[in-house]
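This report refers to the structure that appears directly beneath it.
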2 protein chains.
Amino acid sequence: MKVGFIGLGIMGKPMAKNLLRAGHSLTVFDILAPAVKELVQAGAQAGENPQDVARRSDVVITMLPNSPHVRDAALGDRGILKGIAPGALYIDMSSVAPAAVQEIAARFAEKSVEMLDAPVSGGEPKAKEGTLAIMVGGKPEVFEKAKGLLLAMGSSAVLCGGIGSGNVTKLANQIVVALNIAAMSEAYALSTKAGVDPDKVFNAIRGGLAGSTVLEAKTPMVLAGNFTPGFRIELHIKDLKNALDTAHEVGVPLPLTAQVMEIMQALKVDGKARNDHSGIVQFYERQSGVEVRRR
Amino acid sequence: MKVGFIGLGIMGKPMAKNLLRAGHSLTVFDILAPAVKELVQAGAQAGENPQDVARRSDVVITMLPNSPHVRDAALGDRGILKGIAPGALYIDMSSVAPAAVQEIAARFAEKSVEMLDAPVSGGEPKAKEGTLAIMVGGKPEVFEKAKGLLLAMGSSAVLCGGIGSGNVTKLANQIVVALNIAAMSEAYALSTKAGVDPDKVFNAIRGGLAGSTVLEAKTPMVLAGNFTPGFRIELHIKDLKNALDTAHEVGVPLPLTAQVMEIMQALKVDGKARNDHSGIVQFYERQSGVEVRRR
């Protein structure tokens, strides 16, 4: 299949390489030349801009930081919409606001181009392995058509509902992850300052109702004081902003998400925005004057 | 062993029965006669008051609602301290404030009586099965002496640190559970009102970093609108009050725990305090005018 790929960042680059490995003919674009060069060396062709990439592709994929970047690549002066042919398919795999996706899809529909939103979870390691979890929104028949392509980049692709549903699901995921990390942080800050080894707490509670993937994945990082990302706080801030914006648009107050957002903002002010999101515990360490560490 | 057991409520009654089954000679007390009668029919002897129970036992166990009840049973006019012999052992298995336990232990130490705090998790079903998870605070040599007795009621008994550590660990557990339920609730309220089936969201996110025992155990209840306890909101309120009191004493601000406490208070005002704690989702349902249900 002739595939276009726009956005060769930490996530996009390995995803594009997996499409090449799966035998697709790939045209790529990024505003940074070195990333394009790397993909060309791996067998891709370089497009001049999103419009040019779209002109040369049956399916166009974007993997960009946030809604404004996607809107610009899709609808801008040299955007995908200007180059894409009626009957082609546009898949945005960025994590963005669901409303932005729905607005873009409506514009593409006017030109008889179907769209899916298909954000991912799993981070850089799973992008490299091609084992991302892909959450998809769109029409079932369009999803079926795209499924094989998506599974070249992920180990699962789940249709969650109509266009925008992939990103709603991703936002739900990011809310749970942020709050589960904050929950762990409050529990460990309390127990540490109350004189109980957090490693003992971990082992005592992990097997019960308090058990979680966050507890298993992030406790070792917290107890070692290792906040190497992983997933950066600044990116989680972006996702929670989209979650809160979406929640307020549809009419759902999210008091805890709002609070963990402010905690992340405090960490950003404190110069820690590029730490792994398990660094949420550093807010509590600073507030309470104690370090949560294995003794 | 001659064991005394004070507090034959939902948890204490099956725990005491498991001690009888394990072959211990049991003297029991409760302010409610029917519970005592049931244990006597099962083979226990009835004590007149905590002092009398203590006089007739080598080990005394309390399983009571909260710190004031334990303080009264332990240190009151007809309390355990008045009847217990030097060299005997007192184990409080209630979920209470760590500071209360430490204060009581100091009083018992004056009479050369060792104390452990050993709160449990698992609820009524695991109390009946004898498979509670028991979190213990106290001296290692005292723990070793009591371990066999504890394992007649639980499938695990973990020493977390000095006296009070069992309850610190229990409070850490309750913080994580409450916040993980609230996290799930915010995620499902948002996705439902944004038009995405929460069951689809559950299946899309459960395998990733958002996965948790809370998500697995409580999603089916939430999607069915079934809030039969389980663990009642009013009991979780008690635990979070102890968590916040302890946190403020040792000097740790817990903004998210404070917020989920207020959410539970709102549910209490709304007449829902006796629902299962998965009923936290009902706060969001009311606020946003949407029901989180499987479609």
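Among (1) open to solvent by 10 Å² or more (accessible area, probe 1.4 Å); (2) of a type in the set (A, V, I, L, M); (3) more than 7 Å from every other protein chain (Cβ to nearest Cβ); (4) within 16 Å of the chain's Cα centre (by Cα), which single condition is B:L159 missing?
Just one mismatch for B:L159, condition (4).
Only one of these conditions is not met by B:A109: (1) over 30 Å from A:V168 (Cα atoms); (2) at the interface with another protein chain (Cβ under 10 Å from one of its Cβ atoms). Which number is it?
If we test B:A109 against (1) over 30 Å from A:V168 (Cα atoms); (2) at the interface with another protein chain (Cβ under 10 Å from one of its Cβ atoms), just (2) comes out false.
Anything in the range A:97-109 that is among the charged types (D, E, K, R) and over 23 Å from the mean Cα position of the chain (by Cα)? List them, or say none.
Across the range A:97-109, the qualifying residue is only A:R107.
Of these, A:A172, A:A178, A:A217, A:A183, which one is under 22 Å from the mean Cα position of the chain (by Cα), more than 7 Å from chain B (Cβ to nearest Cβ) and of a type outside the set (V, I, T)?
That would be A:A178, the only listed residue that is under 22 Å from the mean Cα position of the chain (by Cα), more than 7 Å from chain B (Cβ to nearest Cβ) and of a type outside the set (V, I, T).
Among the residues of the range B:219-255, how many are within 22 Å of A:E186 (Cα to Cα), in contact with a strand residue (DSSP E or B) (Cβ under 8 Å, 6 or more places away or on another chain) and part of a helix (DSSP H, G or I)?
1
Scan the range B:43-57 and tell me whether some residue there is touching a residue at least 24 places away in the same chain (Cβ under 8 Å), open to solvent by 20 Å² or more (accessible area, probe 1.4 Å) and within 23 Å of B:V120 (Cα to Cα).
For the range B:43-57, residues touching a residue at least 24 places away in the same chain (Cβ under 8 Å), open to solvent by 20 Å² or more (accessible area, probe 1.4 Å) and within 23 Å of B:V120 (Cα to Cα): absent.
Only residues that are acidic (D, E) and either assigned to a helix (DSSP H, G or I) or crowded, with 16+ Cβ neighbours inside 10 Å (or both): list them for the range B:65-83, please.
Across the range B:65-83, the qualifying residue is only B:D72.
Out of B:S112, B:S94, B:S121, I need the residue that is open to solvent by 10 Å² or more (accessible area, probe 1.4 Å), under 16 Å from the mean Cα position of the chain (by Cα) and of a type outside the set (D, E). Which one?
Result: B:S121 is the single residue among B:S112, B:S94, B:S121 that is open to solvent by 10 Å² or more (accessible area, probe 1.4 Å), under 16 Å from the mean Cα position of the chain (by Cα) and of a type outside the set (D, E).
Regarding the range A:20-42, can at least one residue be identified that is within 25 Å of A:V101 (Cβ to Cβ), among the charged types (D, E, K, R) and in a helix (DSSP H, G or I)?
no
Among residues belonging to the range A:124-144 that are more than 27 Å from A:G230 (Cα to Cα) and surrounded by fewer than 20 Cβ atoms within 10 Å (Cβ to Cβ), point out the one that is nearest to the other protein chains (Cβ to nearest Cβ).
Out of the qualifying residues, it is A:P140.
How about the range B:192-211: which of its residues are under 32 Å from the mean Cα position of the chain (by Cα) and either more than 7 Å from chain A (Cβ to nearest Cβ) or not β-branched (V, I, T) (or both)?
Once the filter is applied, which keeps residues that are under 32 Å from the mean Cα position of the chain (by Cα) and either more than 7 Å from chain A (Cβ to nearest Cβ) or not β-branched (V, I, T) (or both), the range B:192-211 yields B:P198, B:D199, B:F202, B:N203, B:R206, B:G207, B:G208, B:L209, B:A210, B:G211.
The values are calculated or read from the model by the stated rules, or taken from the named source; none is laboratory data. What you see is a predicted model, and the numbers here were worked out from it, not measured in a lab. Every residue, glycine as well, gets a Cβ built from its backbone with ideal geometry; the counts of neighbours run over all protein chains shown. For accessibility, only protein heavy atoms count, side chains too; no ligands or nucleic acids. Shrake-Rupley method; radii C 1.70, N 1.55, O 1.52, S 1.80 Å.
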